[in-house]
Amino acid sequence: MVPPLRFASLFTGIGAADVGLTRAGWHLACQVEIDAYCRAELYRHWPRIPKFGDIKGVTGELIRSLCGRIDAIFAGFPCQDIATQGSQLGLAGKRSGLWSEAHRLIQDLRPRWVILENVPELRCKGADAVLDGMERDGYTCRAHVVGAYAFGAKQLRNRTFIICHNYGAIEDSIGDALAGKEDVIVRGMVSSSVASRVSGPWERRSHGEECEIALASDSGEREVQRFHAAFAEMDQSAHGFGRRSSLTRAEIRKQLYHLGNGVYAPAAEFWGRCINELEAAFYYYLNPDAPRDEKPRIPTLDEGT
């Protein structure tokens with residue numbers, strides 16, 4: 001049996017990505033979130049999972065001592081200085097610059113897998129620095145853009161996902177065992193009608209090149225109205241958080257705000273299942289005599305999750 005991955009969740013928000021990854025069979029080890037409202041939601045759903053506040057005060061040693069082994073990290077670091085309607089400072093901004101804190105914990109914990117998530121504009125406002133840093137640390141990285149609509153949501157909501165893995169000496173010893181397998185697995189899970197919704201790995205772009213990402217032309221107010229209308233139509237239970245009829249209007253607005261900041265749970269589940277396939281390939285390569293459990297068929301994007 002392939003051991004399930006234990007993951008640390010950084011910049012957790014209300015935990016939507018954690019819902020998706022646990023659906024994929026991953027085990028949640030800890031959560032790092034500074035916002036009080038979000039932490040209250042996390043305690044409601046995961047009362048026994050260790051939680052940390054400000055990421056600046058969290059160390060790899062602290063996580064290991066309280067949470068044990070960490071195989072993977074999910075980090076949807078802040079997008080406020082990267083997004084179109086943000087400050088446009090990129091990773092130099094106060095909020096999005098917290099990427100450096102996530103990177104510090106990745107360096108401390110050295111997980112096999114890292115999933116990074118942000119808005120599509122990351123491509124021209126910090127992706128080079130993120131990819132360069134991860135590659136210097138020995139990680140192989142693949143960056144993709146996929147929208148929530150690919151999983152049935154009634155809005156585009158494109159997001160960047162950077163999938164990074166590092167098996168260290170083990171990877172060196174098995175040579176080409178995984179060569180090209182990432183893309184084969186991802187494409188195999190995506191039906192032909194939606195294959196274009198998941199981008200292939202980026203071509204690296206030099207600094208200063210014009211960004212090709214389309215920018216929103218509408219005013220911020222109309223954008224917010226459309227966003228809230230889209231969420232009103234979609235089933236929030238897809239995120240793992242059902243509607244609560246007792247919520248006030250202010251509470252509903254706050255919940256929508258944090259849902260909008262969060263990762264669409266089926267997208268996180270999709271990447272978690274892709275990584276499970278790669279983990280199985282490594283595991284059975286290193287343990288050829290291990291009994292092979294019958295694995296459930298993984299649904300395509302067209303079928304949802």
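The values are calculated or read from the model by the stated rules, or taken from the named source; none is laboratory data. Please read these numbers as outputs of a predicted model, since none were measured by experiment. Every residue, glycine as well, gets a Cβ built from its backbone with ideal geometry; the counts of neighbours run over all protein chains shown.
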For this session: Output the residues belonging to segment 40-53 that are at pLDDT below 95 and in contact with a strand residue (DSSP E or B) (Cβ under 6 Å, 6 or more places away or on another chain).
Result: Leu42
For this session: Scan segment 109-153 for residues that are farther than 28 Å from Phe282 by Cβ and in a loop (DSSP other than H, G, I, E, B) and jot them down.
Result: Val119, Lys125, Gly126, Gly152, Ala153
For this session: Return the residue satisfying two criteria in turn: it lies in segment 106-130 and is among the charged types (D, E, K, R) and on the phi < 0 side of the Ramachandran plot, and of such residues it is surrounded by the most Cβ atoms within 10 Å (Cβ to Cβ).
Result: Lys125
Exercise. Asp18 passes all but one of (1) surrounded by 15 or more Cβ atoms within 10 Å (Cβ to Cβ); (2) in contact (Cβ under 8 Å) with a residue 12 or more places away in the chain; (3) over 20 Å from Arg159 (Cβ atoms); which number fails?
Worked result: (3)
Exercise. Are there any pairs, at least 6 apart or on different chains, whose C-beta atoms fall under 9 Å, with the first in segment 58-77 and touching a residue at least 24 places away in the same chain (Cβ under 8 Å) and more than 18 Å from Phe11 (Cα to Cα) and the second surrounded by 13 or more Cβ atoms within 10 Å (Cβ to Cβ) and basic (Lys, Arg), and if so, which?
Worked result: Gly68/Arg6; Arg69/Arg6
Exercise. Are any of the residues in segment 77-91 polar (S, T, N, Q) and at pLDDT 90 or above?
Worked result: no
Exercise. Residues in segment 21-34: is at least one modelled with pLDDT of 95 or more, more than 19 Å from His103 (Cα to Cα), under 14 Å from the mean Cα position of the chain (by Cα) and not in a helix (DSSP H, G or I)?
Worked result: yes
Exercise. Here are some residues: Gly57, Gly68, Gly76. Which one is over 18 Å from the mean Cα position of the chain (by Cα), within 24 Å of Asn118 (Cβ to Cβ) and among the small types (Gly, Ala, Ser)?
Worked result: Gly57
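Determine whether Glu61 is at pLDDT 95 or above, among the charged types (D, E, K, R), assigned to a helix (DSSP H, G or I) and buried (at least 16 other Cβ atoms within 10 Å of the Cβ).
Taking the combined requirement at face value, the residue does not satisfy it.
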Problem set entry | Whichever residue in segment 35-57 is surrounded by 14 or more Cβ atoms within 10 Å (Cβ to Cβ), without any contact (Cβ under 8 Å) to a residue 60 or more places away in the chain and touching a helix residue (DSSP H, G or I) at 6+ places or on another chain (Cβ under 7 Å) and, among such residues, is nearest to Arg95 (Cα to Cα) | Ile55
Seminar exercise, completed: Filtering segment 1-14 down to residues that are over 15 Å from Gly272 (Cα atoms) and in contact with a helix residue (DSSP H, G or I) (Cβ under 6 Å, 6 or more places away or on another chain) yields Leu10, Gly13, Ile14
Exercise. Taking into account only those residues within segment 131-173 that are at pLDDT 85 or above, of a type in the set (Ser, Thr, Tyr) and buried (at least 17 other Cβ atoms within 10 Å of the Cβ), which is farthest from the chain's Cα centre (by Cα)?
Worked result: Tyr139
Exercise. Does Ser9 satisfy the criteria of being at pLDDT 95 or above and more than 17 Å from the chain's Cα centre (by Cα)?
Worked result: no
